[in-house]
Amino acid sequence: MSDQINMQELVAFIAGKTKAAPASIEQVLKHEQAFINNAPEDKNGEVSIDSDELVDYILSRPGMKLDEPTVEDIIEAEMDYLMDKGIAGYED
């Protein structure tokens, strides 16, 4: 994650929106970052992430005990946080 992101604040924000445990949120974010780090860049150096592929990847990780709707909620809440901070956005 970027230096611009306060991880404690991010986890607290997600926990407030999803009611998921902080440890579970951190686990999802860790696997999400691994997925993004391994995603290929386009000619502009940008990475496009398919949310369904991301959720499937996270759910397939060893030790992941969350269900699909919870993982999706965590990712959506993270995106809300990142958009509020002006760090990320959706492609049209």
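The values are calculated or read from the model by the stated rules, or taken from the named source; none is laboratory data. As the structure is a prediction and not an experimental result, all values here were calculated from the model. For neighbour counting, all protein chains shown are included, and Cβ atoms are generated from backbone atoms with ideal geometry for every residue, glycine included. Ligands, DNA and RNA are stripped out before the accessible areas are found, and what is left, the full protein with its side chains, is counted by its heavy atoms. Shrake-Rupley method; radii C 1.70, N 1.55, O 1.52, S 1.80 Å.
Calculate the dipole size of the chain relative to its Cα centre from +1 charges on Lys and Arg beta carbons and -1 charges on Asp and Glu beta carbons; express the result in debye to the nearest 20. If you can, show how the numbers build up before the last one.
Working: 7 positive and 21 negative charges, 106 e Å.
Rounded to the nearest 20 debye, it is 520 debye.
Below 22 Å Cα-Cα, how many Lys pairs turn up in the chain? Only count pairs eight or more apart in sequence, or on different chains, if you could.
So the count of such lysine pairs works out to 8.
Share of carbon and sulfur in the accessible area of the chain stands at 45%, probe radius 1.4 Å.
Take every pair of alpha-carbon atoms less than 8 Å apart whose residues are at least six positions apart; their mean separation over the length of the chain yields a relative contact order of 29 percent. Within the chain, what's the longest stretch lacking GluC sites (Glu not before Pro) that sit in DSSP loops with no more than 14 other Cβ atoms inside 10 Å? Longest site-free region, per DSSP loop and neighbour criteria: 1-45. In this structure the chain gives 66 Å² per residue of accessible area when probed at 1.4 Å with all protein chains present.
Largest GNM mean-square fluctuation across 21, 12, 39, computed for the chain with C-alpha springs under 10 Å, falls on 39.
Shown here are the Rg and Dmax of the Cα trace of the chain, at 12.9, 39 Å. For the Cα trace of region 42-92, dividing Rg by the Kirkwood Rh returns an Rg/Rh value of 1.03.
Among the trypsin sites (Lys or Arg not before Pro) in region 1-49, those placed in a DSSP loop whose Cβ has at most 14 other Cβ atoms within 10 Å are 19, 43. Only helical runs count toward this figure. For the chain, summing -39,500 (n - 2.57) over DSSP H runs of n ≥ 4 and dividing by all residues gives -19000 deg cm²/dmol at 222 nm. With a/c under 1.5 counting as rounded, go ahead and sort region 24-66 into rounded, prolate or oblate using the C-alpha gyration tensor (a ≥ b ≥ c being the square roots of the eigenvalues; past the cut-off, prolate if a/b is larger than b/c, else oblate). It is prolate, given that a/c is not under 1.5 and a/b is the larger ratio. Straightening the chain between residue 60 and residue 23 buys 11.6 nm, computed as 0.36 nm per residue apart minus the Cα-Cα spacing. Under 12 Å from a label point set 7 Å out along the Cα-to-Cβ vector of residue 84, the amide N atoms of region 6-23 belong to 9-18.
I'd like the FRET efficiency for residue 52 and residue 12, computed as 1/(1 + (r/R0)^6) with the beta carbon distance as r and R0 of 30 Å, rounded to 0.05.
Once the sixth-power term is evaluated, E becomes 0.65.
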